[in-house]
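The values are calculated or read from the model by the stated rules, or taken from the named source; none is laboratory data. Quantities reported herein were computed from a predicted structural model and do not represent experimental measurements. Positions of Cβ are generated from backbone atoms using ideal geometry, with glycine treated the same way; all protein chains shown enter the neighbour counts.
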Amino acid sequence: MDYGITVEKLRLTDAPEVREFCKVCESKGYRNNSTLGRIKFKDIPYWAVRKNNKIICISGCHVLFDTSYRILARAVALESREGLSRYHFNSLPFYYHIHPQVEWAKQQGGTEFFITTNENRDESGKMERMHRVMQLLEKQGLLELAYDDYILNGVKQSLWKLNYEKYCDIR
């Protein structure tokens, strides 16, 4: 059990706290998450993991195309879960945000759910490693590489389709 951990969908009124979180991200070199504007906080819904009432992780969810949703958008965590996990469950956004984001997207009419990575323009300093993790999760059947050259916001992305049923079975 992860004591002191809560997960919630953020509101616009949380902007001052998220702004402080972004400042910490900026100090760590996570440029994609360095300001409210960079994360598009006013444009897409975000979820937070809080530890002892302090935000330690955020990620967003939005329509990608048709009834497909991008989950874990601009995901960033200042901590990770204890231990090792072959299913990437030591990642706070992967462990805590997928379920509420998919369930929210389903309520909006979502039927397919994607995670994106970008090997070529790494503004977080960790995207190349995340891309390799997604490749490993694909071998386990949790993800499927659906598009390797999808252009999103003018940037080439890899789109990984989530096998949500398998994710829920394992989680």
Problem set entry | Subset of the stretch 15-53 (residues that are more than 18 Å from the chain's Cα centre (by Cα), at pLDDT 95 or above and closer than 19 Å to P100 by Cβ) | E17
For this session: Look through the stretch 150-170, keep the residues that are farther than 23 Å from I44 by Cα and either hydrophobic (A, V, I, L, M, F, W, C) or surrounded by fewer than 14 Cβ atoms within 10 Å (Cβ to Cβ) (or both), and return whichever of them is nearest to the chain's Cα centre (by Cα).
Result: C168
Problem set entry | Selection count, the stretch 89-101, where residues are under 13 Å from L142 (Cβ atoms) and surrounded by 19 or more Cβ atoms within 10 Å (Cβ to Cβ) | 4
Seminar exercise, completed: The condition from (1) of a type outside the set (A, V, I, L, M); (2) more than 18 Å from C168 (Cβ to Cβ); (3) surrounded by 17 or more Cβ atoms within 10 Å (Cβ to Cβ) that G37 misses is numbered (3)
Exercise. Which members of the stretch 28-47 meet the condition of being hydrophobic (A, V, I, L, M, F, W, C), in a loop (DSSP other than H, G, I, E, B) and touching a strand residue (DSSP E or B) at 6+ places or on another chain (Cβ under 6 Å)?
Worked result: I44
Seminar exercise, completed: Taking the stretch 147-161 and keeping residues more than 16 Å from V63 (Cβ to Cβ), among the hydrophobic types (A, V, I, L, M, F, W, C) and touching a Phe, Trp or Tyr at 6+ places or on another chain (Cβ under 9 Å) leaves W160
For this session: Taking the residues in the stretch 110-125 that are in a loop (DSSP other than H, G, I, E, B) and crowded, with 16+ Cβ neighbours inside 10 Å as candidates, determine which candidate is modelled with the highest pLDDT.
Result: G110
Exercise. Restricting the search to the stretch 71-82, which residues are in contact (Cβ under 8 Å) with a residue 24 or more places away in the chain and either outside any loop (DSSP other than H, G, I, E, B) or at positive phi (or both)?
Worked result: I71, L72, A73, R74, V76, A77
Exercise. Is the stretch 145-162 home to any residue that is more than 20 Å from K9 (Cα to Cα) and part of a loop (DSSP other than H, G, I, E, B)?
Worked result: yes
Exercise. Any idea which of (1) surrounded by fewer than 20 Cβ atoms within 10 Å (Cβ to Cβ); (2) of a type in the set (S, T, Y); (3) assigned to a strand (DSSP E or B) is the one S59 doesn't satisfy?
Worked result: (1)
Problem set entry | Condition broken by V155, with the remaining ones in (1) in contact with a Leu (Cβ under 8 Å, 6 or more places away or on another chain); (2) within 15 Å of L64 (Cβ to Cβ); (3) β-branched (V, I, T) satisfied | (1)
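State which residue is modelled with the highest pLDDT when the search covers only the stretch 83-109 and only residues that are assigned to a loop (DSSP other than H, G, I, E, B) and either among the small types (G, A, S) or touching a His at 6+ places or on another chain (Cβ under 7 Å) (or both).
Once the filter is applied, the top-ranked residue is G109.
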